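Every read-out reported here was derived from the displayed coordinates using simple, explicitly stated rules and does not represent laboratory data. Everything numeric in this text was worked out from a predicted model, so none of it was measured. Heads up, the Cβs are rebuilt from the backbone with ideal geometry, glycines too, and the neighbour counts pull from every protein chain shown.
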Amino acid sequence: MDSILRWIIAAVVVVWVVVMWYIVIQAIWRGWGPYIRSKRQKKARVNAKVKNKLGRQEFNPITWQSELMQKVLVFECEDCVDREYEVRDEVWDWVEIGDDGVLVYQGDLFVDFEARCPRHDPDKVYRKLTRM
């Protein structure tokens, strides 16, 4: 009777380990899968215009201020598709609604936006901020 109980416990442990590994592998595949599939595609370039700037604000308890936590740009592309990408701070800060240029993307990932006529000249802003 004692040996049967050991075999049942061993079988349960083995099944539990296999199920846990399956869950871990599925979580990794679902989390990293879209990123890896996008990175395997070639970069695409399309003429686009910034249609909207969406930002999600959250309260920061350390600074006691609300901050933008997610910065999303919506692009109206010439191929009649609206594309929405989460962008870096420097892109968010330099782009305004209505700017047109070339959107560079790779699969579902934002790469860059090259504005035709940027509204802000980086050299002028640098001189203004450093008072040169």
Worksheet item: At what distance in nm do the modelled label points of VAL72 and VAL102 sit from each other, each positioned 7 Å from its Cα along Cα→Cβ?
Response: 2.8
Discussion item. Could you work out the percent of alpha carbon pairs in the chain separated by over 18 Å, rounded to a whole number?
Written reply: 70
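Using alpha-carbon pairs under 8 Å, 6+ residues apart, how would you state the relative contact order of the chain in percent?
It rounds to 22 percent for the chain.
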Discussion item. Between the stretch 20-41 and the stretch 77-110, how far is it from one alpha carbon centroid to the other, in angstrom?
Written reply: 25
Response to the item:
In this structure, the FRET efficiency calculated for LYS53 and VAL13 from their beta-carbon separation, with R0 = 41 Å, to the nearest 0.05, is 0.15
